[in-house]
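The values are calculated or read from the model by the stated rules, or taken from the named source; none is laboratory data. Note that the coordinates shown come from a computational prediction; the quantities given were computed from them, not determined experimentally. Here the Cβ is made from the backbone with ideal geometry for all residues, glycine too, and neighbour counts use every protein chain on show. Accessible surface is based on the protein model in full, side chains and every heavy atom, while ligands, DNA and RNA are left aside. Shrake-Rupley method; radii C 1.70, N 1.55, O 1.52, S 1.80 Å.
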Amino acid sequence: MTGDGQGEEVVRLLPWTGAGGKPCYVVGDGVGYVSRLADDIEAVQLGMAADLLDHARDLLADHRATDAQLRFVVARMTEALRDVHRIARSRGARLRGAGARPAGEG
């Protein structure tokens, strides 16, 4: 779909959900306010996931870590993985829309 000649409009999966956990999307050329906000949120989510990996590595190396601590970090890792997976799906869809082939094809 094209816009008013200003650029290609694409559908982007946003890094947050709506009511009932349903996915949210924005349609645009990727330079508007919502797209920039989504970029910022994705950067924060990826940074938090990297920090969480470091914390999990440290916790696993600590033989005094309790079951409660391990369950807590696994719960946070589950949340981070969900966020990173959503980011990967969103970026992959935009790459395919720009003519790139999905991994494993070609």
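What to note about this one:
- Test: R57 is at negative phi, basic (K, R) and loosely packed, with under 15 Cβ neighbours inside 10 Å: yes
- Per-region count, the range 34-45, residues out of contact with any helix residue (DSSP H, G or I) (no Cβ under 7 Å at 6 or more places or on another chain) and either open to solvent by 30 Å² or more (accessible area, probe 1.4 Å) or farther than 19 Å from L95 by Cα (or both): 8
- Filter result for D62 (acidic (D, E), over 15 Å from the mean Cα position of the chain (by Cα) and open to solvent by less than 60 Å² (accessible area, probe 1.4 Å)): yes
- For the condition hydrophobic (A, V, I, L, M, F, W, C), open to solvent by 60 Å² or more (accessible area, probe 1.4 Å) and modelled with pLDDT under 95, A103 qualifies.
- Residue list for the range 10-33, restricted to those being surrounded by 15 or more Cβ atoms within 10 Å (Cβ to Cβ), hydrophobic (A, V, I, L, M, F, W, C) and more than 11 Å from the chain's Cα centre (by Cα): V10, V26
- From R94, R89, R76, residue being open to solvent by 90 Å² or more (accessible area, probe 1.4 Å), outside any loop (DSSP other than H, G, I, E, B) and either touching a Phe, Trp or Tyr at 6+ places or on another chain (Cβ under 9 Å) or of a type in the set (K, R) (or both): R89
- Residue count, the range 35-52 (criterion: touching a residue at least 12 places away in the same chain (Cβ under 8 Å) and farther than 15 Å from I87 by Cα): 1
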